[in-house]
Amino acid sequence: MRATLYGVGYSNVYDTYLSPQEYKGMDFRVTRETMRMTTLFDGNVSAQNFFQANLSYTHNRADNNNTFAGLVNWNYGLHYQFRITENFKLLAGGLADFNGGFVYNLRNTNNPASAKAYINLDASGMAIWHVKVKNVPLTLRYQLNVPVAGVLFSPNYGQSYYEIFTLGNSDGVVRFTSLHNQPAFRQMLSVDFPVGSSKLRMSYVCDIQQSDVNEIQTHIYSHVFMVGFVKDLYRIKNKKGAPLPPSVRAY
Amino acid sequence: MILLTVVLFSSCIGEEEYDNSPQGNFDALWTIIDEKYCFLDYKGINWDSIYTVYQKKLTPTMSDENLFEVLGDMLDELKDGHVNLYSSSDVARYWNWYEDYPRNFNEAIVEKYLGTDYRIAGGAKYTILDDNVGYIYYESFSNPIGNGNLNEILQYMAICDGIIIDVRNNGGGNLSNSSTLASRFTNEKVLTGYIRHKTGKGHSDFSDPEPIYLEPSKQIRWQKKVVVLTNRHAYSATNDFVNSMRYLPLVTTVGDQTGGGSGMPFSSELPNGWSVRYSASPHFDAEMNQIEFGIEPDVTVNMEKNDEDKGIDTIIETARKLIKN
């Protein structure tokens, strides 16, 4: 399965390195995902490759200043598939979760921007349900990814990027993270349904990124509605030429 | 997974919200300075008592103008040119660091020395004076000066007996312009100072000092005398430039004490949208002395009224004599 989605939503950006206030506004996002079965554990493990990029434009409470924030996120992970019924399965596994981006405050002087760079090992769970409503085949999915351990770049509390990058003082700017200082998660709810000979996906992404490192608190909360097309990648079909049943497909 | 989810949903990291009221904006500003300003201990400021003094001046119905005045007066207690409060109608500032002292600079007289056919390269205006002394006026470190500019200037002045670099009234700008210029006047790597940053909200929470070195440029370097002219309006990145230059053997600083401004300023904001700037990260000289209140010159000279009346710049003339002797 391969899906490319485009979406618009709401974003709430907070970074005390830049401002003690939350900035709120629009989020624009694109995601691209593939899922395939692997040969691991007798063919019970699927591989998910998920990429997303977002750009938000947000405003302070007085609406007299703005920030841009962007993040590129790539996840690669494996899930063991528990096939509960022919049409319903639960997936559990882990992801390598790579993130890079920025928050840029249009008014600040020597602290105009905050770089985002962090890598996590995530716990990941998924539920996939193939169901028919009035003879229309639907695929419902819910996924939750939770970073469990990782490393994150952050300047020290009052440290300038000039000191880090021009003078080369990088002591303490890379920190270990876990649930206590980076309570974050991403969850996605989607429904696939046929439109003519194609398959359309509508999705809701709830992306909650938070950190409290070097006494700098940050969050980026995004709620995005996305839409795009899904392409089935499997090539094997049964003797009647029909696709394989959902229970043996990755998705 | 369920347990993780429950923990995560209950772990919000969000803003400490202040009301957009006189009291809320006052508290927000007081807290920003309390937690982030880097000179409270050095300047011996009792910020808690300042809260008490200025909080009494608030009323729930006061106008924005009155609130701006109270907040500006509170910030004045910091005696810091890097501290400002910006509203859409005004900028609260502390400029006594130069307004209370002799100006030691007359733009019309400097223009006489430059003449009308002076050259301009990057942010520098330059010429060769009639006694074969090179004169460079650099009015703002916000105006970039690149290696190409400096190569041209130094080649042009190669015949000179020495160079005057006039940074009077230069209120600062970009630190990288300061080090780019200073790197042309040293043949060796020189320790010029240290920087620290706050590591937490406490008034004395600071990192260990990080040394700052001036590296020699790999391009044309000046090998003759240099005189740097200073006055009280040489501030911030200019203060940093003067601090670097005074450690170099062929350099003499002449004029009045610099204005200081050694805290790298950061920005923040209040609930009503007013922006605030404050010193966040202090720079020190190579002996770990604070240079927030300025650097004394090697040779202290003030502009003489008699000279000024005749169109003569006493400080430039002193520099010319130093180069010629």
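The values are calculated or read from the model by the stated rules, or taken from the named source; none is laboratory data. These numbers come from a predicted model, not from an experiment. Positions of Cβ are generated from backbone atoms using ideal geometry, with glycine treated the same way; all protein chains shown enter the neighbour counts.
Observations on the structure shown:
- Looking across A:Phe82, A:Phe28, one residue alone is out of contact with any Pro (no Cβ under 9 Å at 6 or more places or on another chain), assigned to a strand (DSSP E or B) and without any contact (Cβ under 8 Å) to a residue 12 or more places away in the chain. It is A:Phe82.
- Test result for A:Glu22, under 24 Å from A:Ala117 (Cβ atoms), of a type outside the set (A, V, I, L, M) and surrounded by fewer than 22 Cβ atoms within 10 Å (Cβ to Cβ): yes
- Evaluation of A:Thr34 against (1) part of a strand (DSSP E or B); (2) more than 24 Å from A:Leu138 (Cα to Cα); (3) of a type outside the set (D, E, K, R) (one fails), failing number: (2)
- Picking from residues in the stretch A:44-98 that are closer than 30 Å to A:Pro20 by Cβ and small (Gly, Ala, Ser), the one that is nearest to the chain's Cα centre (by Cα) is A:Ala53.
- Against the numbered list (1) under 21 Å from B:Gly123 (Cβ atoms); (2) in a strand (DSSP E or B), B:Tyr194 comes up short only at (1).
- Residue selection: A:Gly94 satisfies the criterion of being touching an Asp or Glu at 6+ places or on another chain (Cβ under 7 Å), surrounded by fewer than 19 Cβ atoms within 10 Å (Cβ to Cβ) and closer than 18 Å to A:Ala184 by Cα.
- Just one residue in the set B:Ile145, B:Ile136 is part of a strand (DSSP E or B), out of contact with any Asp or Glu (no Cβ under 6 Å at 6 or more places or on another chain), within 24 Å of B:Cys160 (Cα to Cα) and not assigned by TED's automatic domain parsing to the domain that holds B:Leu67; that residue is B:Ile136.
To keep it simple, each residue is scored yes or no on (1) within 12 Å of chain A (Cβ to nearest Cβ); (2) at pLDDT below 95.
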{"site": "B:Val7", "(1), (2)": "yes, yes"}
{"site": "B:Tyr18", "(1), (2)": "yes, yes"}
{"site": "B:Pro22", "(1), (2)": "no, no"}
{"site": "B:Ile32", "(1), (2)": "yes, no"}
{"site": "B:Tyr37", "(1), (2)": "yes, no"}
{"site": "B:Leu40", "(1), (2)": "no, no"}
{"site": "B:Gly44", "(1), (2)": "no, no"}
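- When residues of the stretch A:25-58 are limited to those that are of a type in the set (Val, Ile, Thr) and farther than 30 Å from B:Glu35 by Cβ, the one surrounded by the most Cβ atoms within 10 Å (Cβ to Cβ): A:Thr31
- Qualifying residues in the stretch A:144-159 (those that are assigned to a strand (DSSP E or B) and more than 11 Å from chain B (Cβ to nearest Cβ)) - the one surrounded by the fewest Cβ atoms within 10 Å (Cβ to Cβ): A:Val151
- The residues in the stretch B:197-224 that are part of a loop (DSSP other than H, G, I, E, B) and either more than 8 Å from chain A (Cβ to nearest Cβ) or of a type in the set (D, E, K, R) (or both) can be counted, and the count is 17.
- For the stretch B:96-122, a tally of residues being under 23 Å from B:Asn174 (Cβ atoms) and at pLDDT below 95 returns 3.
- Selection within the stretch B:282-314 - among the charged types (D, E, K, R) and touching a strand residue (DSSP E or B) at 6+ places or on another chain (Cβ under 8 Å): B:Asp285, B:Glu292, B:Asp298
- Applying the condition of being touching a Gly at 6+ places or on another chain (Cβ under 8 Å) and within 8 Å of chain A (Cβ to nearest Cβ) to the stretch B:257-280 and asking which residue is surrounded by the fewest Cβ atoms within 10 Å (Cβ to Cβ) yields B:Pro271.
- Looking only at the stretch A:12-60, and only at residues there that are within 14 Å of another protein chain (Cβ to nearest Cβ) and among the hydroxyl-bearing types (Ser, Thr, Tyr), the one that is nearest to A:Val224 (Cα to Cα): A:Thr58
- Within the set A:Phe176, A:Phe165, A:Phe193, the sole residue that is more than 10 Å from chain B (Cβ to nearest Cβ) and in a helix (DSSP H, G or I) turns out to be A:Phe165.
- Within the stretch B:225-256, being within 14 Å of B:Asp298 (Cα to Cα) and in a loop (DSSP other than H, G, I, E, B) holds for B:Asn231, B:Arg246, B:Tyr247, B:Leu248, B:Pro249, B:Leu250, B:Asp256.
- Applying the criterion of at least 2 residues that are under 30 Å from B:Asp309 (Cα atoms) and among the aromatic types (Phe, Trp, Tyr) to the helices (runs of 4 or more DSSP H) found wholly in the stretch B:1-106 leaves B:96-99.
- Residues being away from every other protein chain (no Cβ under 14 Å), free of Cβ contacts under 8 Å to residues at least 60 places away in the same chain and of a type outside the set (A, V, I, L, M, F, W, C) - total across the stretch A:200-218: 1
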